[in-house]
Amino acid sequence: MCGRYAASRNLDELVEEFDVEVPPVKRLEPDYNVAPTKPVYAVLTRSGGSGEESGRVGGPGRVGGPGRGAGPGRGAGPGPGAGRGAGPGPEAGPEEGPRAERPRRRLQVLRWGLVPSWAKDPSIGSRLVNARVETAAQKPSFRAAFARRRCLLPADGYYEWYTPLERPGVPRDSKRKPGKQPFFIRPRGGGVLAMAGLYELWRDRTRAQDDPDAWLWTCTILTTEAADGLGRIHDRMPLLVEPDRYAEWLDPQLNDPADVRDLLVPAAPGLLEAFPVSTLVNSVRNNGAGLVEPIAPETSAVPGLAVP
């Protein structure tokens, strides 16, 4: 957890929901089967020109690299002094200095799967799609981002897979193993999930610093213990951020890990609902709104979990 989610909100909805000042240059299509290494929207606060949103998508996850005049900004980008426990980051970008813009809330396209600034190979990101909130402030891969580069990942909801101990009609001693049943978990009554995330910038040192392809922007989702009956599906879930904590969570000047941890509170009981969906979601090749449609609950009941 979390390995798949759905994100279908259009750009205008997200700009309004998160009070975005700087929208992205690149627009993403609705995606009902977001998987690791895909491009995703992330809300973050940092300085820098609008050229940051430009960039390429491809290779081992080259997404949304900063354009000319972009790069880590004062008080926001990676680099020396990025907060207690923060490791070294890439060199400062051209915007850093007396003319740096004030930090602004922006919607950025990132690749899902965090690549630490010190990584030699960006392919490491495919293994860093989640970060446990209990240890993120200490882990070398995440501690710099936890201190200064936090983001929100908007979602309609996320998927989780439940493995029943027994399948109805199959003898207990049968060699046929029960299949995993996907569930879609979303806010009760609709709305946008704001999943807590971290983001990083990775510098391709084979390219000039002002080359739009020189910077790779990536992210990871923070996870926590699953609340309520959701723990019966899986023991982990994304960490969610309530609207009244958006500003603090995104504040790059809040860089004391202890203060950051104080913002992290469990989701309110009853906030989310879960229901079984088609196994078509198992393949990343499948997409479309039908993936989040509920199926008959009697085919995949989870003991103790109320299904709408």
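I'd like to check something: does region 99-106 contain any residue that is in contact (Cβ under 8 Å) with a residue 40 or more places away in the chain, touching a strand residue (DSSP E or B) at 6+ places or on another chain (Cβ under 7 Å), open to solvent by less than 50 Å² (accessible area, probe 1.4 Å) and aliphatic (A, V, I, L, M)?
no
Every residue in region 216-246 that is part of a loop (DSSP other than H, G, I, E, B) and open to solvent by 20 Å² or more (accessible area, probe 1.4 Å), please.
Passing the criteria: A226, A227, H234, D235, E242.
Of (1) closer than 21 Å to V34 by Cα; (2) under 18 Å from the mean Cα position of the chain (by Cα), E225 satisfies all except one. Which?
Against the list (1) closer than 21 Å to V34 by Cα; (2) under 18 Å from the mean Cα position of the chain (by Cα), E225 comes up short only on (1).
Could you identify the single residue in G125, G189, G169 that is open to solvent by less than 10 Å² (accessible area, probe 1.4 Å) and at pLDDT below 95?
G125
Inside region 247-278, can you point out the residues that are part of a strand (DSSP E or B) and open to solvent by less than 10 Å² (accessible area, probe 1.4 Å)?
A274, F275, P276, V277
The values are calculated or read from the model by the stated rules, or taken from the named source; none is laboratory data. All of these numbers come straight from a predicted model, not from anything done at the bench. Note that each Cβ is placed from the backbone with ideal geometry, even for glycine, and that neighbours are counted across all protein chains shown. Protein only, heavy atoms only, side chains kept; ligands, DNA and RNA dropped before computing areas. Shrake-Rupley method; radii C 1.70, N 1.55, O 1.52, S 1.80 Å.
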